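Following: one structure in structure tokens, then a few remarks.
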Amino acid sequence: MTQALQTLLEHAEHARDAAQAALLQAEDAVRSLRQQAQQLHGYRDEYAGRHPALGGRSATVELLRCHSAFMQRLEQAVAQLQLQLHAAETRVPMLRAELLALELRVASVARLQARRGAAAQLLVQRQEQRRSDDAHPRRRREGQAPGWALETQPAVL
């Protein structure tokens, strides 16, 4: 039984460690996506500030179309990155909850193993006490005085 509990505990610890690694990886992904989003927003704003017709400058229609098309692609990239960021941010709390559940499982199995170990130790102690108690009357019947019987005689000074 203890071998089965030990195997269960090792399996639970392995699952917990894997969940912890997944959580750390997801948190790193969120930080990275936030940084990318910040950089992309900054670039989009900078590029929008370089509009060819901004500040009364004249620009060809083709240049305006290219600028507009690139701004649309930048907006699409920002929107896609925001979706990825939202999905990653949603995943982190789920992974935290999973990790918490696995940590509770490890603790439960460890407590169960400790209780079973204590119960087994108590059983061994009781068996040893029974053997000792059974041996005491046998020694008396066989004429052997127990060691404590010698100490009950008064000491002569």
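The values are calculated or read from the model by the stated rules, or taken from the named source; none is laboratory data. Everything numeric here is computed off the predicted structure, so don't read it as measured data. For neighbour counting, all protein chains shown are included, and Cβ atoms are generated from backbone atoms with ideal geometry for every residue, glycine included. Quick note on the areas: whole protein, heavy atoms, side chains included, nothing else; ligands and nucleic acids left out. Shrake-Rupley method; radii C 1.70, N 1.55, O 1.52, S 1.80 Å.
Think of region 36-138 as having a plus end and a minus end, set by charges on the Cβ of Lys, Arg, Asp and Glu; of Q72, V109, L123, L123 sits farthest toward the positive end of this dipole. A Förster distance of 35 Å, applied to the separation of the beta-carbon atoms of T7 and L83, puts the FRET efficiency at 0.25.
Could you tell me what a quarter of the Cα convex hull surface of region 36-136 works out to, in nm² with one decimal place?
Numbers: hull surface 36.8 nm².
Averaged projected area of region 36-136's Cα convex hull equals 9.2 nm².
Using the 1.4 Å probe convention, the accessible area of region 63-141 works out to 75 Å² per residue with neighbouring protein chains retained. Taken over region 1-60, the percentage of Cα pairs per 10 Å bin, counting from 0 up to the bin with the maximum distance, is 19, 19, 16, 14, 12, 9, 6, 4, 1.
The figure for V30 is an accessible area of roughly 10 square angstrom, using a 1.4 Å probe on the protein chains alone.
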